[in-house]
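Take a look at the structure set out below.
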Amino acid sequence: MDLGISSRRAAVAAGSAGLGLATARALVADGARVAICGRDPQRLDAAVADLGAGAIGIIADMSTPEGAVAFARTAAERLGGHLDIVVANSGGPPPGSASTTTLDSYLAAMSSNFLSTVALCNEVVGPMRAAGWGRILAITSVGARQPIGFLAASSSARAAVTSYIKNLATEVAADGVCANTIQPGTHATDRIAKLGGPQIDSLRAEIPAGAPGDPANFGQVAAFLCSEPARFICGASIPVDGGANRALQ
């Protein structure tokens, strides 16, 4: 399928590893010109080399709203125009239950996962509306739909992102801009491997598909949501979790 995004300018936040990198790969494969960001220069350089021609790397810290805005502005400048596609993404907060997670940890999660997304989207959506075309996709978590007990800060922040994107989508859809969230379940990434022990075992046991997801498959779903054929998908939250989510909505 032709996704209709050849030569589109795309920015994938935290795209040097994991699901962000998988999404960037899929966008590049469909002809988009992609900027990714990360905090580790060596890992960023390796990711850009992996993506090949059409990709650029930008050192940026997505844990703060200021870092998110700086990434968007630098990506637009280096790609030579306003951004057509923006994928909001950031690292997940540390594990912790609702009662054991400290207030400071909740504040950090809201800054890195919620406020940075708001800042990134607010920076890019105006030019998209003016151009009459744009795609905004936030990578959140199935925890936004069905909270994960030992990832309380993450589930809370991702739920806030989901609400914001839903509101944004209804505001900008008439201008040709589609805003959605994609909710990954357990995939074979470094983030999941670091959880380790009983926690990762419990996550795997809850996947009806029988195994963690392939990041490459996730990236292809994400790229479709950024495509021309996805123009009538607005304000949706798409679970990509092997059936782990049991909620009806």
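The values are calculated or read from the model by the stated rules, or taken from the named source; none is laboratory data. On a predicted model such as this, the values are computed, not experimentally measured, just so you know. As a convention, Cβ positions derive from the backbone with ideal geometry for all residues, glycine included, and neighbour counts pool all protein chains shown.
Name every residue in region 134-166 that is under 20 Å from residue 23 (Cα atoms) and not in a helix (DSSP H, G or I), in order of residue number.
Scanning region 134-166 gives 134, 135, 136, 137, 138, 139, 140, 141.
For region 53-89, which residues satisfy the criterion of being part of a strand (DSSP E or B) and buried (at least 24 other Cβ atoms within 10 Å of the Cβ)?
Start the filter on region 53-89 by keeping residues that are part of a strand (DSSP E or B), which leaves 55-59, 85-88.
Residues satisfying the conditions are 85, 86, 87, 88.
Of (1) more than 20 Å from residue 231 (Cα to Cα); (2) part of a helix (DSSP H, G or I); (3) over 14 Å from the mean Cα position of the chain (by Cα), residue 22 satisfies all except one. Which?
(3)
Could we say that residue 27 is modelled with pLDDT of 95 or more and part of a loop (DSSP other than H, G, I, E, B) here? It would help to see each step written out before you state the result.
Numbers: modelled with pLDDT of 95 or more: yes; part of a loop (DSSP other than H, G, I, E, B): no.
No.
Being under 14 Å from residue 136 (Cα atoms) and not small (Gly, Ala, Ser) narrows it down to one residue among 33, 9, 43; which is it? Working first, answer last.
Values: 33 fails: under 14 Å from residue 136 (Cα atoms); 43 fails: under 14 Å from residue 136 (Cα atoms).
Matching residue, one of 33, 9, 43: 9.
Give just the number: which of (1) touching a strand residue (DSSP E or B) at 6+ places or on another chain (Cβ under 7 Å); (2) without any contact (Cβ under 8 Å) to a residue 40 or more places away in the chain does residue 70 not satisfy?
It is condition (1) that residue 70 fails.
Out of curiosity, is residue 120 part of a loop (DSSP other than H, G, I, E, B) and within 28 Å of residue 57 (Cα to Cα)?
Details: part of a loop (DSSP other than H, G, I, E, B): no; within 28 Å of residue 57 (Cα to Cα): yes.
No, not satisfied.
Could you list, in sequence order, the residues of region 112-132 that are crowded, with 17+ Cβ neighbours inside 10 Å and either without any contact (Cβ under 8 Å) to a residue 60 or more places away in the chain or polar (S, T, N, Q) (or both)? Give the steps one after another, and end with the answer.
From region 112-132, those crowded, with 17+ Cβ neighbours inside 10 Å are 112-121, 123-125, 128; that's our starting set.
112, 113, 114, 115, 116, 117, 118, 119, 121, 123, 125, 128, listed by residue number.
Taking the stated definitions as given, is residue 66 under 25 Å from residue 158 (Cα atoms) and more than 16 Å from the chain's Cα centre (by Cα)? Break it down into steps so the answer makes sense when it comes.
Numbers: under 25 Å from residue 158 (Cα atoms): yes; more than 16 Å from the chain's Cα centre (by Cα): yes.
Against the criterion (under 25 Å from residue 158 (Cα atoms) and more than 16 Å from the chain's Cα centre (by Cα)), residue 66 qualifies.
Inspect all residues belonging to region 174-193 and state whether any of them is modelled with pLDDT of 95 or more, over 14 Å from the mean Cα position of the chain (by Cα), under 24 Å from residue 70 (Cβ atoms) and in a helix (DSSP H, G or I).
no
Being without any contact (Cβ under 8 Å) to a residue 60 or more places away in the chain, closer than 21 Å to residue 179 by Cα and out of contact with any strand residue (DSSP E or B) (no Cβ under 9 Å at 6 or more places or on another chain), is that true of even one residue in region 81-93?
no
If you check residue 152 against the conditions, is it buried (at least 24 other Cβ atoms within 10 Å of the Cβ) and closer than 30 Å to residue 211 by Cβ?
Values: buried (at least 24 other Cβ atoms within 10 Å of the Cβ): no; closer than 30 Å to residue 211 by Cβ: yes.
For residue 152, the condition - buried (at least 24 other Cβ atoms within 10 Å of the Cβ) and closer than 30 Å to residue 211 by Cβ - is not met.
Select from region 12-43 the residues that are without any contact (Cβ under 8 Å) to a residue 40 or more places away in the chain and surrounded by fewer than 21 Cβ atoms within 10 Å (Cβ to Cβ) and write down the one among them that is nearest to residue 62 (Cα to Cα).
Residues of region 12-43 that are without any contact (Cβ under 8 Å) to a residue 40 or more places away in the chain, as a first pass: 28, 31, 34, 36-43.
Next, from what is left, pick out any that are surrounded by fewer than 21 Cβ atoms within 10 Å (Cβ to Cβ): 31, 39-43.
Numbers: 31: 25, 39: 8, 40: 12, 41: 14, 42: 17, 43: 15 Å.
Only one residue fits best here, namely 39.
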